[in-house]
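J.: Okay, here's the structure, questions in a sec.
The values are calculated or read from the model by the stated rules, or taken from the named source; none is laboratory data. Since the model is a prediction, treat every value here as computed from it, not as a measurement. Because the Cβ atoms are built from the backbone with ideal geometry, glycine has one as well, and the counts that use them run over all protein chains shown. Side chains included, ligands, DNA and RNA excluded: accessible areas come from the protein's heavy atoms. Shrake-Rupley method; radii C 1.70, N 1.55, O 1.52, S 1.80 Å.
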Amino acid sequence: MERDAAAGSSRRLGMASLGTRLVLFFVALLVLVQGVGMILVYRSTGEVARQATDQALEQGERVFMRLLEQDRRRLEQAAALLSADFAFRQAIGTHDSGTIESVLRNHGARAGADLMTLAGLDGVVLADTMEVSRVGHPFRFPALLEAARDAGKASSMAMMDGHLYQVVVVPVMAPDPIAYVSAAFEVNDALARAFAQLTGLSVSFVAVGSGTWRVQATTLAPEVRDELAGALAGVAGSAGVRELSMGGEAYETRLAFLKTQGPLRLAAVLQRPVAEALAPFRRITATFLALTLAGLLLLVAGSLVIARGITRPVERLAEAAARVQQGDYRRHVDVERRDEIGQLATSFNHMLDGIVSREAQILQLAYEDPLTRLPNRARFQEHLAQAVALARDARGRVAVLLFDMDRFKGINDTLGHPVGDQVLREVANRVKGALAGGEVLARLGGDEFAVLVSSRGDERAAHSAASRIHEVLEAPVAIEGQVIDIAASIGVALFPGHAEDPASLLRAADVAMYVAKRAKSGTSVYDPRADERRREHLSLLGELRRAVEAGELVLHYQPKIALEDGRVDGVEALVRWRHPVRGFVPPSEFIPFAEQAGYIGHITRWVIDEVVAQCGRWQRAGLRLRASANISAHDLRHGDLVGHVRACLEREGLAAGMLRLEITESALMDDPRSAQSALARLRDLGVTTSIDDYGTGYSSLAYIKQLAVNELKIDRAFVSGMEADQRNAAIVRSTIELGHNLGLTVVAEGVETDHELAQLRRFGCDLAQGYHFARPMDATDFESWIARAGPAVARGVAD
């Protein structure tokens with residue numbers, strides 16, 4: 001049915017093009033046959049022109065009134081949207097005049113309103129974006145307030161200080177009326193020109209009072225503008241069509257009176273020169289006879305040629321569009337032409353190629369690690385689930401080897417992330433070459449890899465695979481003249497001996513890997529009787545609880561830079577643990593465990609308390625900075641995160657928009673329903689949210705677009721890999737375009753080189769952070785850094 005409908009549409013499109021040309025042919029033939037009546041037609045052109053002008057004026061008046069009504073509705077919608085804003089109502093309730101005025105100005109700018117006014121229930125002006133002196137005085141148009149009180153909204157034309165405005169008044173409900181918000185835009189020459197472009201007529205706005213006409217706005221030329229009021233002086237104050245003479249030229253004129261406030265009457269004057277209406281008829285009459293005979297033969301032949309040339313390729317394009325609708329992007333349109341139809345077909349084929357390429361990139365992003373080109377965690381889990389299911393049915397065995405690189409953090413910290421990424425690629429290539437055909441290698445994230453042995457997944461096969469991994473990693477890696485020794489700690493877990501499901505099997509391999517790392521044994525097989533890591537975790541949990549209470553956790557701040565003008569757009573707060581015995585404990589060691597142990601909520605609440613308090617101190621010192629804090633999937637599922645955030649903001653007197661909460665893409669997918677609900681409640685509170693480390697998880701685009709988030713952060717793995725691999729650059733560019741298409745701000749993490757910064761600017765990325773700009777600093781050092789950054793950065797911070 002869809003194919004038939006598409007084919008029918010294509011045929012109708014072709015016939016419509018052919019029919020248009022045939023109509024021109026028959027019109028020419030009819031004019032030729034009726035040539036005898038040309039004299040009568042010539043005499044009647046004046047009357048026809050005036051009738052056409054009257055119809056054009058009448059139609060123009062309808063269009064004009066619709067446009068005016070649309071502008072009124074736009075103002076009503078803008079005012080209604082503002083009146084429904086929770087933060088705005090809260091500001092009214094707390095008499096926060098600064099916030100009220102700021103919201104009025106910002107919202108007015110977005111809505112295109114020239115004047116935003118807030119009046120109390122008593123009709124007294126509380127805020128006015130044009131005249132501060134009006135505050136405390138009665139609202140200019142009390143009748144509009146009464147109408148809005150009765151009908152829920154009111155609008156009218158009105159004169160203010162000699163200027164004409166369209167005014168809309170809407171009550172602010174909470175849930176009963178607490179105030180009235182008024183939005184207005186000036187009716188000026190620019191508006192008249194906009195209406196004129198849409199109606200095709202000259203448009204003027206005039207005011208009449210005591211028999212005197214005054215032009216408020218017009219599209220007429222200056223020399224004619226001054227004559228309009230005089231020409232209208234002898235016109236009765238009623239709507240209708242009449243002919244006026246101005247500047248030595250006659251105009252067909254239509255008056256339409258408008259609803260107004262005050263004693264003055266307002267009217268829209270729509271005009272069209274009579275000569276302009278007559279001109280086409282005069283030209284047609286003069287050239288018609290000469291063109292008719294010559295054009296007749298050309299039109300007959302041309303109609304047939306064009307109809308045949310257009311209908312067939314258009315039908316092919318319509319059939320191709322139907323195939324695209326059904327998901328078939330592979331078949332190109334075969335149209336061998338060099339005209340516009342051929343160009344359209346070529347562009348259509350390029351579009352198909354682009355769709356196929358982008359779908360391939362998106363699929364690759366979802367299931368492939370962009371750094372090593374290995375399967376990512378999502379794809380490995382699919383393979384593992386399938387292998388366990390087959391082994392369970394066939395009484396077979398499955399082995400999982402989990403390994404990460406020893407001392408890899410030192411490589412990153414000492415030589416930088418680009419070198420670390422090259423090391424990971426080298427490790428992936430070596431291990432992949434050493435494995436057998438039936439074994440699956442994947443990168444789960446960071447420096448963590450996994451190997452699935454399913455064809456003969458017993459302990460002997462697992463040890464054989466582990467030995468081959470150790471063997472290929474024995475040789476050092478040489479990168480940019482730097483020789484780097486690499487080694488891996490491997491944990492082995494077996495199904496069904498150590499676990500009964502894929503998730504438990506991975507956890508068992510992780511426990512074994514941790515035992516191997518602690519014991520420096522290279523390889524360890526899971527042993528539930530000697531689970532050293534569990535005891536270590538229990539000890540670490542107690543120390544972490546004490547760390548929060550003893551003040552051992554501190555926050556460092558890393559600036560986010562706006563790439564358009566180089567200003568500081570905000571900061572990201574990063575938690576650090578200064579252990580009295582262990583020294584510096586990296587977040588990568590205690591944050592994952594805190595999440596597993598369920599203690600992450602305490603850390604998150606502490607971080608939010610500290611971040612909001614620091615923002616408050618900076619704001620009181622004249623430094624307005626939006627700060628970002630990281631939250632986990634646990635925070636979205638458990639506890640009153642929204643209530644805690646609200647209490648912190650109220651305690652510091654900080655606007656909700658000054659806080660941004662970041663959550664990783666993979667955490668969002670742990671429990672999508674809870675995440676979506678929590679993010680929506682944060683949005684209603686006014687707190688903005690961000691998807692962190694985008695690209696490392698496996699969320700679908702359909703799910704991302706449903707989330708109430710404001711920002712998308714590209715993971716450092718993609719950013720740092722742009723220079724070495726153009727496919728990474730393509731992914732970064734596509735992600736930026738995706739974020740912008742979804743209305744999100746896009747931030748790039750881990751920017752360290754000038755090349756990466758230049759690439760991001762070229763791709764249109766909004767913000768960036770990384771060592772290229774500044775390392776994370778404590779609050780004191782950050783304040784010093786801001787002071788040294790100069791006036792340009794400081795100006796950006798204060799916005």
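J.: Looking at Gly653, Gly695, Gly657, Gly686, which one is modelled with pLDDT under 85 and of a type in the set (Gly, Ala, Ser)?
T.: Step by step, each of Gly653, Gly695, Gly657, Gly686 is checked, and only Gly695 is modelled with pLDDT under 85 and of a type in the set (Gly, Ala, Ser).
J.: For Ala190, indicate whether it is more than 20 Å from Val274 (Cβ to Cβ) and surrounded by fewer than 20 Cβ atoms within 10 Å (Cβ to Cβ).
T.: Yes; evaluated as a whole, the condition is true for this residue.
J.: Still on this model: Any residue at all in the stretch 405-415 that is at pLDDT below 80, under 32 Å from the mean Cα position of the chain (by Cα) and of a type in the set (A, V, I, L, M)?
T.: Within the stretch 405-415, none of the residues are at pLDDT below 80, under 32 Å from the mean Cα position of the chain (by Cα) and of a type in the set (A, V, I, L, M).
J.: Where residues in the stretch 405-425 are of a type in the set (D, E, K, R) and without any contact (Cβ under 8 Å) to a residue 60 or more places away in the chain, which of them is least open to solvent (accessible area, probe 1.4 Å)?
T.: In this case the residue turns out to be Arg425.
J.: Sort through Arg425, Arg379 and tell me the only one that's more than 17 Å from Met513 (Cβ to Cβ), part of a helix (DSSP H, G or I) and in contact with a helix residue (DSSP H, G or I) (Cβ under 8 Å, 6 or more places away or on another chain).
T.: Exactly one of Arg425, Arg379 is more than 17 Å from Met513 (Cβ to Cβ), part of a helix (DSSP H, G or I) and in contact with a helix residue (DSSP H, G or I) (Cβ under 8 Å, 6 or more places away or on another chain), namely Arg379.
J.: Those residues that are under 23 Å from the mean Cα position of the chain (by Cα) and either among the aliphatic types (A, V, I, L, M) or part of a strand (DSSP E or B) (or both), I need them from the stretch 760-788; list them, please.
T.: Leu760, Leu767, Ala768
J.: Could you give me the residue pairs with C-beta distances under 7 Å whose first residue belongs to the stretch 634-650 and is at positive phi and in a helix (DSSP H, G or I), whose second residue is surrounded by 18 or more Cβ atoms within 10 Å (Cβ to Cβ) and modelled with pLDDT under 90 wherever it lies, and which are 6+ apart or on separate chains?
T.: No pair meets every condition.
J.: Do the conditions hold for Leu402, that is, is it touching a His at 6+ places or on another chain (Cβ under 9 Å), closer than 15 Å to Pro375 by Cα and surrounded by 20 or more Cβ atoms within 10 Å (Cβ to Cβ)?
T.: Criteria not met by Leu402.
J.: For the stretch 556-574, how many residues are in a strand (DSSP E or B) and open to solvent by 20 Å² or more (accessible area, probe 1.4 Å)?
T.: 3
J.: Follow-up. Going by what's in this entry, would Ala475 be described as free of Cβ contacts under 8 Å to residues at least 60 places away in the same chain and in a helix (DSSP H, G or I)?
T.: Against the criterion (free of Cβ contacts under 8 Å to residues at least 60 places away in the same chain and in a helix (DSSP H, G or I)), Ala475 does not qualify.
J.: Here's another thing I want to ask about it. For the stretch 708-724, state whether one or more residues are within 30 Å of Leu82 (Cα to Cα) and modelled with pLDDT under 85.
T.: Yes, the stretch 708-724 contains a residue that is within 30 Å of Leu82 (Cα to Cα) and modelled with pLDDT under 85.
J.: Take the stretch 619-655 and flag every residue that is touching a Phe, Trp or Tyr at 6+ places or on another chain (Cβ under 9 Å) and hydrophobic (A, V, I, L, M, F, W, C).
T.: Leu625, Ala627 - these are the residues of the stretch 619-655 that are touching a Phe, Trp or Tyr at 6+ places or on another chain (Cβ under 9 Å) and hydrophobic (A, V, I, L, M, F, W, C).
J.: Select the strands (runs of 3 or more DSSP E) contained entirely in the stretch 127-221, then report the ones holding at least 1 residues which are small (Gly, Ala, Ser).
T.: Because the criterion is at least 1 residues that are small (Gly, Ala, Ser), the strands (runs of 3 or more DSSP E) in the stretch 127-221 that meet it are 154-160, 177-186, 202-209, 212-218.
J.: Further, regarding this structure: Suppose we keep only residues that are touching an Asp or Glu at 6+ places or on another chain (Cβ under 6 Å) and outside any helix (DSSP H, G or I) within the stretch 392-422. Which one would you say is nearest to Ala475 (Cα to Cα)?
T.: Per the criteria, the residue is Met405.
J.: Picking from Ser504, Ser489, Ser467, Ser521, which residue would you name as being small (Gly, Ala, Ser), out of contact with any helix residue (DSSP H, G or I) (no Cβ under 6 Å at 6 or more places or on another chain) and at pLDDT 90 or above?
T.: Ser467
J.: Could you check the stretch 102-114 and list, in sequence order, the residues that are assigned to a helix (DSSP H, G or I) and open to solvent by less than 70 Å² (accessible area, probe 1.4 Å)?
T.: Those that are assigned to a helix (DSSP H, G or I) and open to solvent by less than 70 Å² (accessible area, probe 1.4 Å): Ser102, Val103, Leu104, His107, Gly108, Ala111.
J.: Now, a different point. Among (1) over 21 Å from Phe141 (Cβ atoms); (2) surrounded by 22 or more Cβ atoms within 10 Å (Cβ to Cβ); (3) of a type in the set (S, T, N, Q), where does Thr212 come up short?
T.: That leaves (2) as the condition not met.
J.: Would you tally the residues in the stretch 69-88 being within 23 Å of Thr260 (Cα to Cα) and buried (at least 18 other Cβ atoms within 10 Å of the Cβ)?
T.: Matching residues across the stretch 69-88 total 7.
J.: A further question follows. If we scan the stretch 584-600, do we find a residue that is at pLDDT below 75, not charged (D, E, K, R) and not in a helix (DSSP H, G or I)?
T.: Scanning the stretch 584-600 turns up at least one residue that is at pLDDT below 75, not charged (D, E, K, R) and not in a helix (DSSP H, G or I).
J.: To continue, here is another question. Out of the residues in the stretch 90-101 that are in a helix (DSSP H, G or I) and open to solvent by 40 Å² or more (accessible area, probe 1.4 Å), which is nearest to Arg646 (Cα to Cα)?
T.: Here the residue is Gln90.
J.: May I pose another question? State which residue is surrounded by the most Cβ atoms within 10 Å (Cβ to Cβ) when the search covers only the stretch 432-464 and only residues that are modelled with pLDDT under 85 and either polar (S, T, N, Q) or on the phi > 0 side of the Ramachandran plot (or both).
T.: That would be Ser454.
J.: Quick check: anything in the stretch 494-509 more than 44 Å from the chain's Cα centre (by Cα), open to solvent by less than 40 Å² (accessible area, probe 1.4 Å) and among the aliphatic types (A, V, I, L, M)?
T.: Looking through the stretch 494-509, at least one residue is more than 44 Å from the chain's Cα centre (by Cα), open to solvent by less than 40 Å² (accessible area, probe 1.4 Å) and among the aliphatic types (A, V, I, L, M).
J.: Mind checking which pairs have a first residue in the stretch 75-89 that is part of a helix (DSSP H, G or I) and a second that is among the basic types (Lys, Arg), Cβ under 9 Å, 6 or more apart or different chains?
T.: Glu76/Lys153; Ala78/Arg110; Ala79/Lys153; Ala80/Lys153; Ser83/Arg89
J.: Okay, next question. Within the stretch 443-451, is there a residue that is free of Cβ contacts under 8 Å to residues at least 60 places away in the same chain, part of a loop (DSSP other than H, G, I, E, B) and within 25 Å of Tyr694 (Cβ to Cβ)?
T.: Among the residues of the stretch 443-451, at least one is free of Cβ contacts under 8 Å to residues at least 60 places away in the same chain, part of a loop (DSSP other than H, G, I, E, B) and within 25 Å of Tyr694 (Cβ to Cβ), which makes the answer yes.
J.: A further question on this structure: If you check Ala442, Ala478, Ala508, which single one turns out to be within 23 Å of Glu382 (Cα to Cα), hydrophobic (A, V, I, L, M, F, W, C) and out of contact with any Leu (no Cβ under 6 Å at 6 or more places or on another chain)?
T.: Ala508
J.: All but one of (1) more than 13 Å from Val400 (Cβ to Cβ); (2) assigned to a helix (DSSP H, G or I); (3) without any contact (Cβ under 8 Å) to a residue 24 or more places away in the chain; (4) not aliphatic (A, V, I, L, M) hold for Gly437; state the number of the condition that does not hold.
T.: That leaves (2) as the condition not met.
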